[in-house]
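K.L.:
If you scroll down you'll find the structure; I have some questions about it.
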Amino acid sequence: MSSMQIGVGGAGSTLDKALAEVRRAEEAGFRSVWFSNIFGHDALTVIALAGRETERIELGTAVVPTHSRHPLYMAQQALTTSAACGGRFALGIGPSHKVVIESMLGLSFEKPARHVREYVEVLKSLVETGTVKHEGEVYRTQGSLRVADAEPFPILVGGLGRLMRGIAGGLADGTITWMTGPRTLGDEISPDVRSAAQDAGRPAPRIVAALPVCLTDDPDGAREGIDKALAMYPTLPSYKAMLDLEGATRPSDIALVGDDATIDAGLARMADAGVTDFMATVMAVGADAEAAGERTFELLADRAKATR
């Protein structure tokens, strides 16, 4: 497990709380903090602010949806965010889900892999060279950016299907997964992403994987709380497919829940599955919910320091 870095998922009901959590994670010794971009704060904005209040910790998105931001303006905002972080930034992007893109935004979700491939091509060109001239089926884009105090950053693709894995390894710098257990990561995700990188002559990719974690004396209650809090995910086709591959039906089936030894064994399984960066979603659930959340954070911080 020594080669797997350990980070945490960011949260916070207010900006002040989110920034306080990032500062605490850095002081505790975590390698990274990752912010989702769902229906609360804008992840890139939070990370830009956090970058000005921290010195060492990596700050990443897990993930920002692609359809709703043109890749030129995604590149502009991400480069600005990277500058605010002093280069400690990783951009995780993904196509989101059909129900969000079509039903909520009124956009097309047709051929998401083709969309993401072209998106990454435009984005990478702007991030790495400052210019782009792209004539594709989805994007016909030419332009330039100049963010003088920003450096290129890792681009990670949060796609779970085989075509997405090829893009993550062959074109981007790796992948980010959620609701994906160690068997699926070890047998499917990691080999496919690494093979795509090798075939493209690219460096070894990052495999960033997130799972719920709860150190607790009440594992049954914690699992019930996890399933209640994360009930939406098995209803989304891409995540249900990952649970099915794992032989799981509920989020708690793949969560790391129980005592110290159980959590350590779960972390070891993730490392053995080829995960380079583990993103812990700390769950404060069960009969001893608040205490469980604190104990989980402290245990993970201890393990994170041991891998740095």
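No lab work stands behind these numbers, since they all come straight from the coordinates. As the structure is a prediction and not an experimental result, all values here were calculated from the model. All Cβ positions, glycine included, derive from the backbone under ideal geometry; neighbour counts span all protein chains shown.
K.L.:
What residue among Gly225, Gly174, Gly166 has the largest mean-square fluctuation in a Gaussian network model of the chain, using Cα springs under 10 Å?
P.N.:
Answer for the Gaussian network model of the chain: Gly225.
K.L.:
Which angle between 0 and 90 degrees, to the nearest 10, do you get for helix 260-272 versus the longest principal axis of the chain when only C-alpha atoms count?
P.N.:
The angle comes out at about 30 degrees.
K.L.:
Still on this structure, please answer the following. Which of Phe153, Phe89, Phe109 has the fewest other C-beta atoms within 10 Å, and how do the rest follow up to the most?
P.N.:
Taking fewest neighbouring Cβ atoms as first place, the list is Phe109, Phe153, Phe89.
K.L.:
Now a separate question. Among Ser108, Phe89, Leu59, pick out the residue whose Cα is farthest towards the positive end of the charge dipole of the range 51-189, where Lys and Arg carry +1 and Asp and Glu carry -1 on C-beta, about the Cα centre.
P.N.:
Going by the charge dipole, the pick is Ser108.
K.L.:
Still on this structure, I have one more. Let me know the charge dipole size of the range 129-216 about its Cα centre in debye, to the nearest 20, where only the beta-carbon of Lys, Arg (+1) and Asp, Glu (-1) is charged. Intermediate results must be reported in sequence, preceding the final value.
P.N.:
Details: 9 positive and 9 negative charges, 5 e Å.
Roughly 20 debye for the range 129-216.
K.L.:
So what J values fall out for the range 46-57 if you push phi through Karplus, 6.51 cos²θ - 1.76 cosθ + 1.60 with θ = phi - 60°, rounded to Hz, Gly and Pro as x?
P.N.:
4, 5, 4, 5, 5, x, 7, 10, 10, 10, 10, 6
K.L.:
Here's a follow-up. Could you work out the helix-only [θ] at 222 nm for the chain, with each DSSP H run of four or more residues adding -39,500 (n - 2.57) and the total divided by the number of residues, to the nearest 500 deg cm²/dmol?
P.N.:
Numbers: 10 runs with 127 residues, N = 308.
It comes out at -13000 deg cm²/dmol, rounded to the nearest 500.
K.L.:
Using +1 at the Cβ of each Lys and Arg and -1 at the Cβ of each Asp and Glu in the chain, identify which of Gln5, Trp34, Pro71 lies farthest towards the dipole's positive end.
P.N.:
The residue sitting farthest along the positive end of the dipole is Pro71.
K.L.:
Follow-up. Do any GluC sites (Glu not before Pro) in the range 82-154 lie in a loop, going by DSSP, with at most 12 other beta-carbon atoms within 10 Å of their beta carbon, and if so which?
P.N.:
In loop regions of the range 82-154 (DSSP not H, G, I, E or B), the sparsely surrounded GluC sites (Glu not before Pro) are Glu110, Glu137.
K.L.:
I want to check the label-to-label distance for Arg146 and Asp199. Put each point 7 Å from Cα in the C-beta direction and report it in nm to one decimal.
P.N.:
4.0 nm
K.L.:
Also, quick follow-up: Working from Cα positions, state the angle (0 to 90°, nearest 10) between the long axis of helix 289-307 and the longest principal axis of the chain.
P.N.:
It works out to around 60 degrees.
K.L.:
Normalised by the number of residues in the chain, what is the relative contact order in percent for Cα pairs under 8 Å and 6+ residues apart?
P.N.:
Values: 623 pairs, mean separation 60.7, N = 308.
Relative CO of the chain lands at 20 percent.
K.L.:
Further question: Would you mind checking the tilt of helix 219-229 against the longest principal axis of the Cα atoms of the chain, expressed as 0 to 90 degrees and rounded to 10?
P.N.:
Rounded to the nearest ten degrees, it is 30.
K.L.:
Hey, fewest Cβ within 10 Å first, where do Val282, Val99, Val147, Val157 land in order?
P.N.:
Val99, Val147, Val282, Val157
K.L.:
Could you quote the convex hull projected area for the chain, Cα atoms only and averaged over all directions, in nm²?
P.N.:
14.7 nm²
K.L.:
If you don't mind, another one. Magnitude of the Cβ-charge dipole of the chain, K/R +1 and D/E -1, about the Cα centre, nearest 20 debye?
P.N.:
Computed about the Cα centre, the dipole is about 1060 debye.
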